[in-house]
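Laboratory data are not the source of any read-out in this text; all were calculated from the coordinates shown. Given the structure is predicted, the values throughout are model-derived calculations rather than measurements. As a convention, Cβ positions derive from the backbone with ideal geometry for all residues, glycine included, and neighbour counts pool all protein chains shown.
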There are 2 protein chains.
Amino acid sequence: MSAATPQPPPRRRRMSRADRERQMLDVAEEVFGERGYQGTSMDEIAERCGVSKPMLYEYFGSKDGLLVACVGRSKAELLDVTQKAMAGAATPEDILWRGMVAYFSFIDAHSKSFAMLLREPAAASQEAVDAVEATRRQQSELISGVLATFAPSAGEQAIAAFTEIIIGASERLAQWRTWHPEVSVEDAARHMTDFCWKGLSPYLA
Amino acid sequence: MSAATPQPPPRRRRMSRADRERQMLDVAEEVFGERGYQGTSMDEIAERCGVSKPMLYEYFGSKDGLLVACVGRSKAELLDVTQKAMAGAATPEDILWRGMVAYFSFIDAHSKSFAMLLREPAAASQEAVDAVEATRRQQSELISGVLATFAPSAGEQAIAAFTEIIIGASERLAQWRTWHPEVSVEDAARHMTDFCWKGLSPYLA
DNA sequence: ACGGTAACCTACTCGGGGTAAGTTACTATG
DNA sequence: CATAGTAACTTACCCCGAGTAGGTTACCGT
């Protein structure tokens, strides 16, 4: 059996740069998600790609660069998903609801890698921090735009502060869901909309 | 001048373990805050302590261990400060207000190191993540206790979710303040209480 | 004075990020 | 088909920082 199928090219296929980059990002996202940033070695990513380490450096420059590229891809996707979700809504309540459902669903789908981004934002260098922060800022702009439209009576600083509150609360709630699997996407979204809408006063004795 | 003051012991004083540990924690908190976890080398901390690296390992076991010890100290202090602040309050509004002021003030006072903790929770190992998470859980218990007392009509899951929302929002707001120095502690606390109390509905057109 | 111990140091190993310089497979053209 | 050019790819290395083995020195109690 062994001599019968010599398998002349043992499989190592050469790939175009674009394809290889995509594959590297897929693998990196997976390994970062599994092991965390620190625990991940470039050698391991290279090996899982079936390629040697200098290729990673050729294409991404550094370990940080690789992480930043992963973040960038997720960032684009997140914006796309949330924007599309909110586009169909009419009332402010509906906008918030749909945005939240889209956000939590996105994190569910990417849980492996995204949980790490939320938990280890700056495991890497300043550049990586900035990349994650840029993602938040992108979402901030979405939210503050909505707030400015529907709640113009709030001051400028208040709108900015509320935006940050919503961002921080969403992230924390998303993380909380990772260790409370019984909380569905809709549950989480409902808690967020309830809180954002009326606050705590309805519950006070 | 040089020969006149031979300075026989060039200054290297021996310290008791307890004193040295305290000094190491002070220095570590400072350096971690300046350079971030990644950027900090054990050699630098050792040098600033006027001591050699193995001493750090003797007392804290590892770089993670040192970070965990720093976190532990801050954690105790944070609990103390917030509990004392809330103790004097009567109404729920006042509890929230005082708790927030204490929290933001604490972060102001420890901005160097605490900003890193919020930004780089898991720069290190799982142990360090857990230590930071334990700090949050400590604050969670404080908050959910208050919620359970004053808002018993909310369900169990809702109370847990609101607690996480408040934690996440506070952290994010604290971080936001670091790059918006014009926002005072009281401003931030007011935005938080406004939002938590009535949510967004008062501002809707 | 002098032993015991706790604080301390020198001098290393090892692993992983990052790189220099060379090699091999695909591709376009004569 | 040959062959030159280039882009994908490799081996073999450097270097820095985490972590350690084993020895040295200052203090303290008797």
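Compare A:S125, A:S140, A:S153 in a GNM of chain A, Cα atoms joined below 10 Å, and give the one with the largest fluctuation.
The residue that fluctuates most here is A:S153.
Please report, for B:M55, the nm distances (one decimal) from its label point, 7 Å out from Cα along the beta-carbon direction, to the equivalent points in the remaining copies, shortest first.
List, nearest first: 4.9 nm.
At q = 0.12, 0.14, 0.19 Å⁻¹, work out log10 I(q)/I(0) for region B:43-137 with the Debye formula, treating every Cα as an identical point scatterer and leaving solvent out; two decimals please.
The Cα Debye sum returns log10 ratios of -0.48, -0.62, -0.94.
When the helix-only estimate is applied to chain A (DSSP H runs of n ≥ 4, each -39,500 (n - 2.57), divided by the residue count), what is the mean residue ellipticity at 222 nm, nearest 500 deg cm²/dmol?
-25000 deg cm²/dmol
Using the Kirkwood radius built from alpha carbon pairs, what does the Stokes-Einstein equation give as D for the protein assembly as shown at 37 °C and 0.692 mPa s, in µm² per second?
139 µm²/s
Compare B:A148, B:A131, B:A69 in a GNM of chain B, Cα atoms joined below 10 Å, and give the one with the largest fluctuation.
Most flexible of the set in this elastic network: B:A148.
Please report, to two decimal places, log10 I(q)/I(0) for region A:53-205 at q = 0.16 Å⁻¹ as given by the Debye formula with identical point scatterers on the Cα atoms and no solvent.
Once normalised to I(0) and log-transformed, intensities are -0.93.
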